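This report refers to the structure that appears directly beneath it.
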Amino acid sequence: MVNLRRLDLNLLVTLDVLLAELNVTRAAERLHISQPAVSVHLAKLRELLDDPLLLPGPRGMRATARAEALREPLREALESLSRAVAPAAPFEPASADLIWRIAATDYTESTIVLPLLRQLRVQAPRVRLAVLDLVPSRMARQAEQGSVDVIFHTTENAPQGLHRQALFTEQYVLVGRRGHPKLRRRPTLRQFCELDHAIVSQDGGGFRASTDDVLAAQGMSRRVVFSVPHFLFLRSALANSDLVAMAPERLVRDDPALQITSAPIDLPGFEISMYWHERVHRDPSHRWLRERIASVV
């Protein structure tokens, strides 16, 4: 059994060329090394394989039975290795047949995935896209294991060790149904606090959010009467009631059933970023996907 740790790949390349040329001079020319160097390689191969491999012949050299047996398997192995280490082929979206998995909240589904889907269906019609629930505590592990390709998350409190690209900065706006009688003009801070508010409580059932912290710092409070776990349900609830909410602008700005009004409170916004693992960082198809995502936002 040949010890592969002792096997220099250059020796196999030399043997492949020697078996093709059956001539040390021509082999040296093809390999761009000297004839003595080819002879040294051949000597090492003979010792390693315990066979003369090439013997003097009437018109150069002739292969031994062992060398003849090696000819085709060696050629196939070198070709396979060459393909394995060759630069990745350019990504062709029109013919690509693969699956991408994206971890997102309902907010980033609406603001990023939905416009991305429209573009993918045109440019990469055979690609399949799976959207998974975002679980922040599992983000890094999912990316490392390959169960997700891209993650959308706020820049704040994001996991370490992943590549990141900032996509956009979001701001909050005061929103209610189209024609809401109390949103015809910008409300005063007191009027704002007297409205019936709805919030998204992602941890479930809460009636307090960052707006309440800002108000508390000014010695005021608002009426929060409705708490939901998802942004998309919040949008529907606002369109079908007299509730109002401080909502991300991108979520509501194109909804004809909703009306945006300037709020009398300055609420800090947030930044949304895209995350991915080093294992796919240089992959042409993944790079193409990231470029499409950046373009749609």
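Of all residues in the range 188-215, count the ones that are part of a loop (DSSP other than H, G, I, E, B) and under 15 Å from residue 172 (Cα atoms). Walk me through it before giving the result.
At the first step, the residues of the range 188-215 found to be part of a loop (DSSP other than H, G, I, E, B) are 188, 195, 201-209.
Applying the additional criterion that residues be under 15 Å from residue 172 (Cα atoms) yields 209.
Qualifying residue count, the range 188-215: 1.
Of all residues in the range 33-56, which are surrounded by fewer than 17 Cβ atoms within 10 Å (Cβ to Cβ) and at positive phi?
Hit for the range 33-56 is 50, nothing else.
Please list, ordered by first then second residue, the pairs with beta carbon atoms under 6 Å, 6 or more apart or interchain, first in the range 265-281 and more than 12 Å from residue 248 (Cβ to Cβ), second of a type in the set (D, E, K, R).
Going by the 6 Å Cβ cut-off, the qualifying pairs are 273/164; 275/164; 277/144.
Here are some residues: 129, 117. Which one is part of a strand (DSSP E or B) and out of contact with any Cys (no Cβ under 8 Å at 6 or more places or on another chain)?
On inspection, the qualifying residue turns out to be 129.
This table checks each residue for (1) of a type in the set (A, V, I, L, M); (2) open to solvent by less than 30 Å² (accessible area, probe 1.4 Å); (3) closer than 23 Å to residue 297 by Cα; (4) touching a Lys or Arg at 6+ places or on another chain (Cβ under 8 Å).
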| position | (1), (2), (3), (4) |
| --- | --- |
| 128 | no, no, yes, no |
| 136 | no, no, yes, no |
| 141 | no, no, no, no |
| 145 | no, no, no, no |
| 153 | no, yes, yes, no |
| 156 | no, no, yes, no |
| 164 | no, no, yes, no |
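Among the residues of the range 170-210, how many are open to solvent by less than 40 Å² (accessible area, probe 1.4 Å), in contact with a strand residue (DSSP E or B) (Cβ under 7 Å, 6 or more places away or on another chain) and under 17 Å from residue 259 (Cβ atoms)?
Matching residues across the range 170-210 total 9.
Helices (runs of 4 or more DSSP H) wholly in the range 1-105 with at least 1 residues that are under 30 Å from residue 290 (Cβ atoms) - which ones?
Working: elements: 9-21, 24-31, 35-49, 65-85.
Passing ranges, in order: 65-85.
For the structure I just gave you, tell me whether residue 225 is surrounded by 15 or more Cβ atoms within 10 Å (Cβ to Cβ) and within 23 Å of residue 181 (Cα to Cα).
Details: surrounded by 15 or more Cβ atoms within 10 Å (Cβ to Cβ): no; within 23 Å of residue 181 (Cα to Cα): yes.
So residue 225 does not fit the description; no.
Hey, residue 241 hits all of (1) in the same structural domain as residue 257 (by the TED database); (2) out of contact with any strand residue (DSSP E or B) (no Cβ under 9 Å at 6 or more places or on another chain); (3) hydroxyl-bearing (Ser, Thr, Tyr) but one; which does it fall short on?
Just one mismatch for residue 241, condition (2).
With the structure loaded, tell me whether residue 9 is in the same structural domain as residue 78 (by the TED database) and modelled with pLDDT of 90 or more or whether it fails that test.
Answer is no for this residue.
Output yes when any residue across the range 276-283 is among the acidic types (Asp, Glu), modelled with pLDDT of 95 or more and loosely packed, with under 14 Cβ neighbours inside 10 Å, and no when none is.
Checked the range 276-283: no residue is among the acidic types (Asp, Glu), modelled with pLDDT of 95 or more and loosely packed, with under 14 Cβ neighbours inside 10 Å.
The values are calculated or read from the model by the stated rules, or taken from the named source; none is laboratory data. For clarity, every value in this text was computed on a predicted model and none was experimentally measured. Positions of Cβ are generated from backbone atoms using ideal geometry, with glycine treated the same way; all protein chains shown enter the neighbour counts. Note: accessible area is taken over every heavy atom of the protein model, side chains too, but ligands, DNA and RNA are not part of it. Shrake-Rupley method; radii C 1.70, N 1.55, O 1.52, S 1.80 Å.
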